[in-house]
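Colleague: I'd like to ask some things about the structure below.
The values are calculated or read from the model by the stated rules, or taken from the named source; none is laboratory data. None of the values given here were measured: they were computed from a predicted structure. Glycine also receives a Cβ, built like all others from the backbone with ideal geometry; neighbour counts cover every protein chain displayed.
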Amino acid sequence: MFAGLPGIGVGTLFYVLIAVWMPIRELPAVVLGRSSWARWRVIGTQFVFACGIVASVAFADRVVAWMLGAGSPRDVGPARWLNDQLGLHAPKSILAAPVTASLILLAGILVTVEVVSLIRTFGGGRPRQAAPLAPGNESVLDGN
């Protein structure tokens with residue numbers, strides 16, 4: 001296990017991918033006339049943040065490579081098993097292996113969540129029932 005580099009973890013990767021996906025996801029709402037300027041303002045803000053994250057990680061990658069004398073990722077890569085193939089495709093990147101490791105981990109998490117969801121939906125599992133309300137709390141359901 002190694003200490004992570006800021007900006008290349010699973011959470012940041014998920015955020016960037018979702019922020020880049022937001023404009024594409026909003027296009028059907030534009031076609032159907034359900035989009036608004038307020039929604040596009042949020043989408044634009046998130047998209048700019050995501051681009052800033054990508055730019056700062058790319059800049060940090062170049063600075064670290066420069067500081068290390070442009071050494072190969074094999075010299076400092078925490079995920080050496082990824083570096084063999086990635087070194088051929090991205091020889092000047094220090095962060096190729098950690099970013100790829102984050103992509104693989106994120107894909108594994110998303111696939112696991114979807115499989116569990118499908119099993120719960122179609123697996124004939126017992127549906128969840130709401131816990132009974134304590135006496136005197138029935139007004140919660142009435143909206144009072």
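Colleague: Checking residue 74 against (1) modelled with pLDDT of 80 or more; (2) surrounded by fewer than 15 Cβ atoms within 10 Å (Cβ to Cβ), which single condition isn't satisfied?
Modeller: Against the list (1) modelled with pLDDT of 80 or more; (2) surrounded by fewer than 15 Cβ atoms within 10 Å (Cβ to Cβ), residue 74 comes up short only on (1).
Colleague: With respect to residue 44, determine if the residue is more than 15 Å from the chain's Cα centre (by Cα) and either surrounded by fewer than 10 Cβ atoms within 10 Å (Cβ to Cβ) or at pLDDT below 75 (or both).
Modeller: Against the criterion (more than 15 Å from the chain's Cα centre (by Cα) and either surrounded by fewer than 10 Cβ atoms within 10 Å (Cβ to Cβ) or at pLDDT below 75 (or both)), residue 44 does not qualify.
Colleague: Residue check, residue 98 against (1) out of contact with any helix residue (DSSP H, G or I) (no Cβ under 6 Å at 6 or more places or on another chain); (2) surrounded by fewer than 17 Cβ atoms within 10 Å (Cβ to Cβ); (3) modelled with pLDDT under 90, all met but one. Which one?
Modeller: Residue 98 satisfies every listed condition except (2).
Colleague: Something else now. Go through (1) modelled with pLDDT under 90; (2) surrounded by 15 or more Cβ atoms within 10 Å (Cβ to Cβ); (3) within 18 Å of the chain's Cα centre (by Cα); (4) assigned to a helix (DSSP H, G or I) and name the single condition residue 65 misses.
Modeller: The number of the failed condition is (3).
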